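Would you mind keeping the following structure in view while I ask a few things?
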Amino acid sequence: MKLIVLGSGTSVPHPQRSSSGYWLETAGGSLLLDCSASAIHRMAQENLDWANLDAIWISHFHLDHCGGLAPFLFGTKHAPNTQDRTKTLRIFGAKGLKRLLKGFDTANDYGLFTQPFPLEIIEIETLEKFEILPDVEAVSISTPHTDESRAIHLRDTDGKTLVYTADTGPADAIAALARRVDLLVMECSFVKDKPVETHLELAEAMYVVRKAEPKKVILTHLYPEWDNIDFNLEVEKFSPGCEVVQAFDGLKIEV
Ligand SMILES: [Zn+2]
Ligand SMILES: [Zn+2]
């Protein structure tokens, strides 16, 4: 698997950090983890084959994670690149995803569900095992962020594993889900003194790392508070015991 960070930022407009989007390339196809409005153009900027994207995972319904869905489907409906596409695009997320997309669609009768290719919207229960791509098995758990927010665990047929926490407050279940994974992509919204309970600050993220013992960690969903902070210096204070990388837009990591 190969992960490409499209957006390492948040809902706050930032000159270098787009909102959430992570492209995962696997032997069985491509998967977009979250789809912010900026992520759809970032795919093109990274020369990724967005027209043949196989699946999308929506972690929750905050607009910096799903606000690109309607614009993307509006694009695929009309773009020359997708008119000859025949394979299905699958969009996965929590219960409420269909209602959300319908809401976007009927706001102006965009016809988003009429695509040149088949489109499937699939609502997944927590702890339900499902095939998100032909060679990738997934399972998601609820996180303390919104009612529908989920962290997801992915395993490919080679046994490589990845956890994407998306937005979350502190929870021991995250560390259990991420136990010894090859790559943990974890939100770390704030450095310290976080203003809300429903995100992580560095000490909490490092607590998860020490408990979960992943092989490698990417900290992402970085608010502007992170600008001008010496990331490595702050991380080393917690002796994480594995490589911890600060996400940036365009970061590419082989899993
Ligand atoms: Zn967010
Ligand atoms: Zn959120």
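Residue by residue, what Karplus-based ³J(HN,Hα) values in Hz, rounded to whole numbers, does region 129-142 have, using 6.51, -1.76 and 1.60 with θ = phi - 60° and x for Gly and Pro?
Couplings: 7, 8, 8, 7, 9, x, 10, 10, 9, 10, 8, 10, 10, 6 Hz.
Would you grab the residues whose amide H sits under 5 Å from the one on Val245? Only those 5+ places off in sequence or on another chain, please, with H modelled 1.01 Å from N.
Val217, Ile218, Leu219
Could I ask something else about it? Exposure proxy check: Tyr22, Tyr110, Tyr223 ranked by fewest other beta carbons within 10 Å?
Fewest to most other Cβ atoms nearby, the residues stand as Tyr110, Tyr223, Tyr22.
Ok, one more. If each Cα of region 195-255 is one equal point scatterer, what is log10 of I(q)/I(0) from the Debye formula at q = 0.16, 0.20, 0.24 Å⁻¹?
-0.54, -0.85, -1.19
Phe238 to Glu46: FRET efficiency via 1/(1 + (r/R0)^6), r the Cβ-Cβ distance, R0 41 Å, to the nearest 0.05?
Rounded to the nearest 0.05, the efficiency is 0.85.
Taking amide H positions as placed in the peptide plane 1.01 Å from N, state which residues far from Trp57 in sequence (5 or more) or on other chains have amide H under 5 Å from it.
The list, which skips near neighbours in sequence, is Leu32, Leu33, Asp34, Phe92.
Same structure again: Based on DSSP H runs of at least 4 residues, each adding -39500 (n - 2.57), what is the mean residue ellipticity at 222 nm of the chain after dividing by all its residues, to the nearest 500 deg cm²/dmol?
Taking each H run of at least 4 residues, the total per residue is -5500 deg cm²/dmol.
Rounded to the nearest 5, what % of DSSP beta bridges with both residues in the chain are antiparallel?
For the chain, the DSSP antiparallel bridge percentage is about 50.
Once you have the Kirkwood Rh of region 121-224 from its Cα pairs, apply Stokes-Einstein at 37 °C and 0.692 mPa s and quote D in µm²/s.
Roughly 237 µm²/s, to the nearest whole number.
What percentages, rounded to whole numbers, describe P(r) for region 149-189 computed over all alpha carbon pairs with 5 Å bin width beginning at zero?
Bin by bin from 0 Å, the calculated values are 6, 25, 35, 20, 9, 4, 1.
Most mobile of Ile121, Ile174, Ile58 per a Gaussian network model of the chain (Cα springs, under 10 Å)?
Ile121
Tell me the GluC sites (Glu not before Pro) within region 189-255 that lie in a loop according to DSSP and have at most 15 other beta-carbon atoms within 10 Å.
Answer by residue number: Glu197.
Which residue, Ala55, Ala44, Phe74, has the largest displacement toward the positive end of the dipole of region 34-137 when charges sit on each Cβ (Lys, Arg +1; Asp, Glu -1)?
Farthest along the dipole direction, towards plus: Phe74.
Under 26 Å Cα to Cα from Lys216, which lysines show up? Leave out anything in the same chain fewer than 8 places away.
Lys2, Lys129, Lys160, Lys192, Lys194, Lys237, Lys252
Using the Karplus curve 6.51 cos²θ - 1.76 cosθ + 1.60 with θ = phi - 60°, work out ³J(HN,Hα) for each residue of region 148-163 in order, rounded to whole Hz, and write x for Gly and Pro.
So the J values, rounded to whole Hz, are 9, 5, 9, 9, 10, 10, 10, 9, 8, 5, 7, x, 6, 10, 9, 10.
Using a 10 Å cut-off around each Cβ, can you sort Trp226, Trp57 from fewest to most neighbouring Cβ atoms?
Trp226, Trp57
Using Cα springs under 10 Å in a Gaussian network model of the chain, which residue among Ser140, Ser59, Ser239 shows the largest mean-square fluctuation?
Ser239
With a 10 Å cut-off between alpha carbons and a GNM built on the chain, which of Gly241, Gly169, Gly68 moves the most?
In the Gaussian network model the winner is Gly241.
Then there is this: Binned at 5 Å from 0, what are the whole-percent values of the Cα-Cα distance distribution for region 1-144, short to long?
P(r) for region 1-144, in whole percents per bin: 2, 10, 20, 23, 23, 15, 6, 1, 0.
Looking at the calculated P(r) for the chain, what percent of the C-alpha pair distances fall above 26 Å?
On the way: 11240 of 32385 pairs.
In whole percent, the long-distance tail amounts to 35.
Using alpha-carbon pairs under 8 Å, 6+ residues apart, how would you state the relative contact order of region 89-230 in percent?
Once normalised by length, the contact order is 16 percent.
Moving on. Exposure proxy check: Arg42, Arg99 ranked by fewest other beta carbons within 10 Å?
Listed from fewest to most nearby Cβ atoms, that is Arg99, Arg42.
Determine the dipole magnitude for the chain: charges of +1 sit on the beta-carbon of Lys and Arg, -1 on that of Asp and Glu, nothing else is charged, the reference point is the Cα centre, and the result goes in debye to the nearest 20. Provide the component values of the computation, followed by the final result.
Values: 25 positive and 37 negative charges, 64 e Å.
My answer is approximately 300 debye.
Quickly work out the Arg179-to-Asn228 label distance, labels modelled 7 Å from Cα along the C-beta direction, and quote it in nm with one decimal.
4.3
So what is the relative contact order of region 148-255, in percent, for Cα pairs below 8 Å that sit 6 or more residues apart?
After rounding, I find 24 percent.
Write down the percent of antiparallel bridges among all DSSP beta bridges whose residues are both part of region 12-163, to the nearest 5.
Beta bridges within region 12-163, antiparallel portion: roughly 60 percent.
Output wanted: per-residue J couplings in Hz (rounded whole) for region 178-184, from phi through Karplus 6.51 cos²θ - 1.76 cosθ + 1.60, θ = phi - 60°, x for Gly and Pro.
Running phi through 6.51 cos²θ - 1.76 cosθ + 1.60 with θ = phi - 60° gives 8, 3, 6, 6, 6, 9, 10 Hz.
Then there's this: Taking H placed 1.01 Å from N in the peptide plane, check which residues at least 5 places from Thr143 or on another chain put their amide H under 5 Å from its amide H.
For Thr143, whose amide H was placed from the backbone, the distant partners under 5 Å are Ser149, Arg150, Ala151.
Further question on the same structure: What percent do you get for the relative contact order of the chain when only Cα pairs under 8 Å and 6+ apart count?
Worked out over the chain, it gives 18 percent.
Every number in this text was worked out from the coordinates using simple rules, so none of it is lab data. Source: prediction; values computed, not measured. Cβ: placed from backbone, ideal geometry, glycine included. Neighbour counts: every protein chain shown.
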